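The values are calculated or read from the model by the stated rules, or taken from the named source; none is laboratory data. The structure displayed is predicted, hence computed values, not measured ones. No Cβ is skipped: glycine too gets one built from the backbone with ideal geometry, and neighbour counts run over all protein chains shown. SASA here: full protein model, heavy atoms, side chains in, ligands and nucleic acids out. Shrake-Rupley method; radii C 1.70, N 1.55, O 1.52, S 1.80 Å.
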Amino acid sequence: MKTEIQALLKTAVDALSSNGVIPEDAIGEVPLSRAKDASHGDFASSVALQLAKPARRKPRELAELIVARLAADERIAKVEIAGPGFINLHLSAAARCAVIGNVLSAGAQYGRCSVGAGKRVQVEFVSANPTGPLHVGHGRGAAYGAAVADLLSVAGFDVQREYYVNDAGRQMSILAASVWLRYLQRCGAELPFPVNGYKGDYVRDYAEVLFEEEGDAWASTSAEVLDGLPADETDGGDKEAYIDALIERARELLGDIRYRYVFELGLTRILDDIREDLREFGVEYEEWYSERTLTERGLVNKAIERLREAGHVYEQKGALWFRSTDFGDEKDRVVQRDNGQTTYFASDIAYLMDKFERGFERVIYVWGADHHGYVPRMKAALQALGDDPSRLDFLLVQFAILYRGGERVQMSTRSGSFVTLRELREEVGNDAARFFYVMRAPSQHLDFDLDLAKSQSSDNPVYYIQYAHARVASVMRQLAERGLEHDPANGAAHFGRLDTPHEEALINALSRYPEVIESAALAAEPHQVAQFLRDLAQGFHTWYNAEQFIVDDAQLRDARLGLCLATQQVIRNGLNLLGVSAPETM
């Protein structure tokens, strides 16, 4: 409806332009917003104020000319000019109620739009190092990234969801060394566990798998393992130097083939667990992209060479540096060390290059807020590669802090004392987890209250919304129990009887849903949908408590049931976008 009203106003403005009243080059999109006060109508436009100066007329005078050119339309009951020149438009009762039929006929498609025009967009999210199970912090990135991708898809974008598997970095080598040490302990060796190792129970589980397969055939003595190693942090040494030395000792004692087997054992087991965890959480990807393929396909060297050819790389003390300060970064960045090894940042540049070479018109990274310092260098890299950095977006997600029994739960991947996403889902359910994660802006810290998430009360937003959906299903069951049937055609013919304040507010909310979806998609803000659903549910519950739906008057009964079903449909559509189920019973 908003689009249709805008078109009417645009036609009137164009007519004035044809008559020379308004310069043609001054006309852009006609501003139109929903009236904040119902007494001011349904929609308000400031187009006369916007065009008054180029038209060299007073805003109110121009508003009168625009209104005079408005074509008669049965959807418009009244047009008023307010204040200095605002144009207020009142919809007819039929136009206002038409949304009910629109929702019911469109069904699951209601709210979709074509603003994306098929533009190819990639959303990369979660991409946690495969060094342990996903924890509740990863869960927020998963829920948010999935919701953003789904919103963009519904808004008409061609979306690809991608998980970047960091399977070539130092953390994976630390995991391999950790599994190896637990295996040696399982074989009976008395060995201290490194401060920088991964201490979770899952590491012992993988070591047990290795022991079951190989027995003690791959074992080494404590003396062989510890001989010549530097001191760990607990003995006054450097924990980083110690773990690096331990990794090299593992390679030496196992040999290349056995070391690679231990490495792959940890990687494969954890990655399978992550895939399953996300799948059960309702998060699916079109692509799982291996970091190792960047090197195998020569993309890292290709990216460095492109930067070199463009004059953005220089050599200093045997290392290659990317001159990122030329593009706004705070300092230049090493892309190849003096020993010939390329840096992690070089891989990031190669990955970024490959994204755009795959044909995406826009690339979105969903990162934790602690990665904010990485954004300028990535933008610099894309610009240096000759592309437009405005095509690259970074959506930063603040930490999710879990509270159980009023106390904050501490998390640390290496210490192993973290709450996994799977444990959270088992405790509160997928629906509560998905909704709670996105009900606030990603830029806000999230205090995840487990007690609230599990409560069956109006204070729990997801329960409150789902209950509204289930209540409609209950009304339809009650109708059948009384031997009555809903006549949609009869209801549609009498939607005009839905004139109570509660009904008018609910109808207005339904008509706003497509605007909310478009706004949430373009702003990457699924919390807009969450808030809309809370408000819609509140409007429905208020109406439900104020009126009887199954009344003797068949015209009113069918009209109200139509509004019930339309409300249920919009709730279901919105919940689906957030990855939340819409139950028929509670």
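Quick one: is residue 71 modelled with pLDDT of 90 or more, farther than 30 Å from residue 529 by Cβ and aliphatic (A, V, I, L, M)? Quick ask: steps written out before the conclusion?
Working: modelled with pLDDT of 90 or more: no; farther than 30 Å from residue 529 by Cβ: yes; aliphatic (A, V, I, L, M): yes.
Spelling it out, it is not the case that residue 71 is modelled with pLDDT of 90 or more, farther than 30 Å from residue 529 by Cβ and aliphatic (A, V, I, L, M).
Residue check: is residue 338 in contact with a helix residue (DSSP H, G or I) (Cβ under 8 Å, 6 or more places away or on another chain) and surrounded by 12 or more Cβ atoms within 10 Å (Cβ to Cβ)? Outline the logic, then answer.
Details: in contact with a helix residue (DSSP H, G or I) (Cβ under 8 Å, 6 or more places away or on another chain): no; surrounded by 12 or more Cβ atoms within 10 Å (Cβ to Cβ): yes.
Judged against the criteria, residue 338 is not a match.
Here is a check on your reading of the model: is residue 470 among the hydrophobic types (A, V, I, L, M, F, W, C), part of a helix (DSSP H, G or I), over 25 Å from residue 419 (Cβ atoms) and open to solvent by less than 50 Å² (accessible area, probe 1.4 Å)?
For residue 470, the condition - among the hydrophobic types (A, V, I, L, M, F, W, C), part of a helix (DSSP H, G or I), over 25 Å from residue 419 (Cβ atoms) and open to solvent by less than 50 Å² (accessible area, probe 1.4 Å) - is met.
Residues to consider are 99, 126, 148; find the one that is more than 20 Å from the chain's Cα centre (by Cα), modelled with pLDDT of 95 or more and buried (at least 21 other Cβ atoms within 10 Å of the Cβ). Spell out the reasoning first.
Values: 126 fails: more than 20 Å from the chain's Cα centre (by Cα); 148 fails: more than 20 Å from the chain's Cα centre (by Cα).
On inspection, the qualifying residue turns out to be 99.
Quick one: in the range 355-412, of everything that is in a strand (DSSP E or B) and among the β-branched types (Val, Ile, Thr), which residue is nearest to residue 195 (Cα to Cα)?
To start, the set of residues in the range 355-412 that are in a strand (DSSP E or B) comprises 362-368, 392-397, 400-404, 407-408.
Now drop any that are not among the β-branched types (Val, Ile, Thr), which leaves 363-364, 366, 397, 401.
Details: 363: 38, 364: 35, 366: 30, 397: 29, 401: 25 Å.
Of everything passing the filter in the range 355-412, 401 is nearest to residue 195 (Cα to Cα).
State the number of residues belonging to the range 167-196 that are open to solvent by 30 Å² or more (accessible area, probe 1.4 Å) and of a type in the set (Val, Ile, Thr).
Of the residues in that region, 1 qualify.
Can you pull out the residues in the range 301-322 that are over 23 Å from residue 125 (Cβ atoms), open to solvent by less than 70 Å² (accessible area, probe 1.4 Å) and in contact (Cβ under 8 Å) with a residue 40 or more places away in the chain? Full working, then the answer.
Residues of the range 301-322 over 23 Å from residue 125 (Cβ atoms): 301-302, 304-322.
Add one more test, that the residue is open to solvent by less than 70 Å² (accessible area, probe 1.4 Å), and what stays is 304, 307, 310-314, 318-322.
Across the range 301-322, the qualifying residues are 304, 307, 310, 312, 322.
Restricting attention to the range 477-502, which residues are in contact with a Cys (Cβ under 9 Å, 6 or more places away or on another chain), in a helix (DSSP H, G or I) and buried (at least 19 other Cβ atoms within 10 Å of the Cβ)?
495
With the structure loaded, tell me whether residue 291 is within 30 Å of residue 334 (Cα to Cα), touching a residue at least 12 places away in the same chain (Cβ under 8 Å) and within 36 Å of the chain's Cα centre (by Cα) or whether it fails that test.
Details: within 30 Å of residue 334 (Cα to Cα): yes; touching a residue at least 12 places away in the same chain (Cβ under 8 Å): yes; within 36 Å of the chain's Cα centre (by Cα): yes.
Yes, satisfied.
Give me the pairs, please: first residue somewhere in the range 126-141 and farther than 21 Å from residue 286 by Cβ, second residue anywhere and in a loop (DSSP other than H, G, I, E, B) and of a type in the set (Gly, Ala, Ser), beta-carbon distance under 7 Å, and either six or more positions apart or on two chains.
132/200
Out of all the residues in the range 528-549, which are touching a residue at least 40 places away in the same chain (Cβ under 8 Å) and open to solvent by less than 40 Å² (accessible area, probe 1.4 Å)?
To start, the set of residues in the range 528-549 that are touching a residue at least 40 places away in the same chain (Cβ under 8 Å) comprises 529-534, 536-538, 540-544, 546-547, 549.
Within the range 528-549, 529, 530, 532, 533, 536, 537, 540, 541, 543, 549 qualify.
List the number of the failed condition for residue 96; all other conditions in (1) part of a loop (DSSP other than H, G, I, E, B); (2) touching a residue at least 24 places away in the same chain (Cβ under 8 Å); (3) not small (Gly, Ala, Ser) hold.
Evaluating residue 96 over (1) part of a loop (DSSP other than H, G, I, E, B); (2) touching a residue at least 24 places away in the same chain (Cβ under 8 Å); (3) not small (Gly, Ala, Ser) leaves (1) as the failure.
When you go through (1) part of a loop (DSSP other than H, G, I, E, B); (2) without any contact (Cβ under 8 Å) to a residue 60 or more places away in the chain one by one for residue 586, which number turns out not to apply?
(2)
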